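K.L.:
Handing you a structure now.
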Amino acid sequence: MSIRKLLGKNDTAQCHRLHEPDQALHIEDLTVAYEGKPVLWDIDINIPPGVMAAIIGPNGAGKSTLIKAVLGLVRPTAGHICIHGHPPAESLRRIAYVPQRSAVDWDFPTTVLDVVMMGRYAHLGWFRWPGRRERRHAMEALESVGMAELSHRQISQLSGGQQQRVFLARAMVQDADVYFLDEPMAGVDATTEKTVVRLLQELRDAGKTVIVVHHDLQTVRDYFDWLVILNVRVVAQGRVPEVYTGENLRRAYGGRIALIDSGTGEDSSGAVAREASR
Amino acid sequence: MIASFFLQPVAMILLTGALVAAAGALVGTFLVLQRNSMLSDAISHSIVFGIVVVWLLTHAQSGPVQILGAALTGVLTVFLTELVAGTRRVKRDAAIGLVFPALFAAGVLLLNLYARDVHIDTHTVLLGEIGFVWLDTMMLGSLELPQAVVWMSVVTLANLIYVLMFYKELKLATFDPQLAAALGFAPTALFYVLLALTSTTAVAAFDAVGAVLFIAFVIVPPATAYLLTDRLSLMLVYSVLIGVASSLSGYPVAVMFDVSVGGTMAAMTGVFFLLAFLLGPRHGLLGREWQRRRGE
């Protein structure tokens, strides 16, 4: 089978021993280093099922690396990761992934419908070609993101927002339990952002877990109910009202943040954060 | 009847040229889309090292051992390149440039030291001699066939089977390697097999067109097809057709001007590229102009 499966042969036992099968995502003692320089240091994370979680942190905090480690795209130096009590390599069909838009070549000779159908490949497995059923799934997903009439467009003709919606449709046809999205709201128009948020919230309301690397501190409280603040280590994690505090943000972002008190007279949990100097 | 067809020099030259073009286009399409075109350059040079080493060990100049040796050398080239690039002291393109000349030089050195009287000489290594492919024959059952035709048919078939069997997986791994890895489709393994096939194609095509002209057949027809279509499946088909057309049209031109046959075939790929560049419906200069005017 896959090399990843061979390397991860001990993970099952660990996942069971840790007794955290109730968590959608359970990470323990995770360290990832590039050339001896730690990008993530001794991370413990628990995200319960059925929440919409944001991962925030300054540039270089290791947000994307965290997702890549969960998906097996980078190899951790230490630690283990469980998705619903199983190592990720054993739960390929339960995980959907939306990479950053810049991760792919949008001049690739293919159509919108084709890209969305790629989301069904995990269910098809090796050798089987997508057929009518996959096409129907893909069309339904394209309809829900408002892109049905563009299904036969070549992908290079799409705007940034349309590209993001295609990626979202592709994740939806994966029909997973846990969705990982890397900055899905970066550089998209307001309509797309609304569509993305609405669809992600619908997924959450259907009992799925949605985990989003997010860059816009101002919308955290509006969109998400769970929050992980990261800066190489975990600064704070938990429900948004408890974790989204001025103190936590300052600990993560240091001087790179401006806190504007919203004037409720309460403590800094009512603060609106704006990341400065980006 | 069939037997006499395989002994006709012109038919064999055209057939060999067409097979080189088809086999090259099949792997080349994915290399071009992965922005790894120049790996074909690296591979086609470093297999000289493999060819000489295999010759020194077994005295086989072609055939299955040579093809296996080439596949290993190609994979070795890419592996060494990734190793050098992995140190992050040099960029990947420079790593390619460090590895393949070293292997190529080692091959030429070994050739000069230990294999002076073999027919592999530096000129053949670079340009090949497709005009003489019909001289080197072998028996397949009762049929006498040119060696180049036999081995080129084998590798063309291997490439075709690989691309058809793993079409969906190759497409995903080329477009979005991260998702491919996340879904368990082993993009790295697919990539190495593709490069191993590129190497076997290069060694089989070696006698016919040499290391340098081979690159033209791997890169130019896919680059041309890319200008003509927005579908991967059509890009594969067009690449093969353009490559074959280049080979077939190259021969009479070469005869007319009494110049290198392989060279003219490769030059024809350039002519087709230029035509697509100027006249292509969507990406061509004229097509763009037309679309612009219509849009006004």
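K.L.:
Scanning for something in contact (Cβ under 8 Å) with a residue 60 or more places away in the chain, more than 7 Å from chain B (Cβ to nearest Cβ) and crowded, with 19+ Cβ neighbours inside 10 Å, does segment A:100-123 turn up at least one residue?
P.N.:
Yes, there is a match, as at least one residue in segment A:100-123 is in contact (Cβ under 8 Å) with a residue 60 or more places away in the chain, more than 7 Å from chain B (Cβ to nearest Cβ) and crowded, with 19+ Cβ neighbours inside 10 Å.
K.L.:
Report, ordered by the first and then the second residue, all pairs with beta carbons closer than 9 Å, sequence separation of six or more or different chains, a first member in segment B:86-99 that is outside any loop (DSSP other than H, G, I, E, B), and a second member that is exposed (fewer than 13 other Cβ atoms within 10 Å of the Cβ).
P.N.:
Going by the 9 Å Cβ cut-off, the qualifying pairs are B:A95/B:L83; B:A95/B:G86; B:A95/B:T87; B:V99/B:L83.
K.L.:
Take the residues in segment A:76-93 that are within 17 Å of the chain's Cα centre (by Cα) and modelled with pLDDT of 90 or more, then tell me which one is nearest to A:V166 (Cα to Cα).
P.N.:
A:I83
K.L.:
Out of (1) among the acidic types (D, E); (2) away from every other protein chain (no Cβ under 14 Å); (3) farther than 23 Å from B:Q61 by Cα, the odd one out for B:D207 is which?
P.N.:
(3)
K.L.:
Same structure, new question: If you check B:L275 against the conditions, is it over 21 Å from B:E129 (Cα atoms), more than 13 Å from chain A (Cβ to nearest Cβ) and in contact with a Leu (Cβ under 7 Å, 6 or more places away or on another chain)?
P.N.:
Against the criterion (over 21 Å from B:E129 (Cα atoms), more than 13 Å from chain A (Cβ to nearest Cβ) and in contact with a Leu (Cβ under 7 Å, 6 or more places away or on another chain)), B:L275 does not qualify.
K.L.:
A further question on this structure: Under the condition of being touching a residue at least 40 places away in the same chain (Cβ under 8 Å) and either touching a Phe, Trp or Tyr at 6+ places or on another chain (Cβ under 6 Å) or outside any loop (DSSP other than H, G, I, E, B) (or both), which residue from segment A:89-99 is nearest to the other protein chains (Cβ to nearest Cβ)?
P.N.:
A:Y97
K.L.:
Name the pairs whose Cβ atoms lie under 6 Å apart, with the first residue in segment B:216-234 and facing another protein chain (nearest Cβ under 9 Å) and without any contact (Cβ under 8 Å) to a residue 24 or more places away in the chain, the second assigned to a loop (DSSP other than H, G, I, E, B) and not basic (K, R), and 6 or more positions between them or separate chains?
P.N.:
These pairs meet every condition: B:R231/A:P109.
K.L.:
Kindly provide the set of residues from segment A:124-151 that are within 11 Å of chain B (Cβ to nearest Cβ) and part of a helix (DSSP H, G or I), ordered by number.
P.N.:
A:L124, A:E134
K.L.:
What helices (runs of 4 or more DSSP H), lying completely within segment A:183-257, carry at least 3 residues that are within 22 Å of A:M172 (Cβ to Cβ)?
P.N.:
Output list reads A:190-205.
K.L.:
Report, by residue number, each residue of segment B:52-79 that is among the aromatic types (F, W, Y) and within 26 Å of B:T188 (Cβ to Cβ).
P.N.:
B:F79
K.L.:
For the condition among the aliphatic types (A, V, I, L, M), within 25 Å of A:M139 (Cβ to Cβ) and buried (at least 17 other Cβ atoms within 10 Å of the Cβ), what is the one hit in A:V220, A:V210, A:V228?
P.N.:
A:V210 is the lone residue from the list that is among the aliphatic types (A, V, I, L, M), within 25 Å of A:M139 (Cβ to Cβ) and buried (at least 17 other Cβ atoms within 10 Å of the Cβ).
K.L.:
Return the residues of segment A:68-82 that are within 12 Å of chain B (Cβ to nearest Cβ) and over 18 Å from B:G86 (Cβ atoms); say none if nothing qualifies.
P.N.:
Correct list: A:A69, A:V70, A:L71, A:G72.
K.L.:
Select from segment B:12-64 the residues that are surrounded by fewer than 24 Cβ atoms within 10 Å (Cβ to Cβ) and of a type in the set (S, T, Y) and write down the one among them that is nearest to the chain's Cα centre (by Cα).
P.N.:
The residue in question is B:S37.
K.L.:
Could I ask something else about it? State all residues of segment B:184-201 that are within 11 Å of chain A (Cβ to nearest Cβ) and small (G, A, S); if no residue qualifies, say none.
P.N.:
The answer is B:G184, B:A186, B:A189.
K.L.:
In the set B:L234, B:L278, which member is at pLDDT below 95, assigned to a helix (DSSP H, G or I) and either within 29 Å of A:V112 (Cβ to Cβ) or over 18 Å from the mean Cα position of the chain (by Cα) (or both)?
P.N.:
B:L278
K.L.:
Condition (residue is surrounded by 14 or more Cβ atoms within 10 Å (Cβ to Cβ), at pLDDT 90 or above and not polar (S, T, N, Q)) applied to segment A:1-23: is it met by at least one residue?
P.N.:
Within segment A:1-23, none of the residues are surrounded by 14 or more Cβ atoms within 10 Å (Cβ to Cβ), at pLDDT 90 or above and not polar (S, T, N, Q).
The values are calculated or read from the model by the stated rules, or taken from the named source; none is laboratory data. What you see is a predicted model; the values in this text were computed from it and never measured. We place every Cβ from the backbone using ideal geometry, glycine too, and count neighbours over all the protein chains shown.
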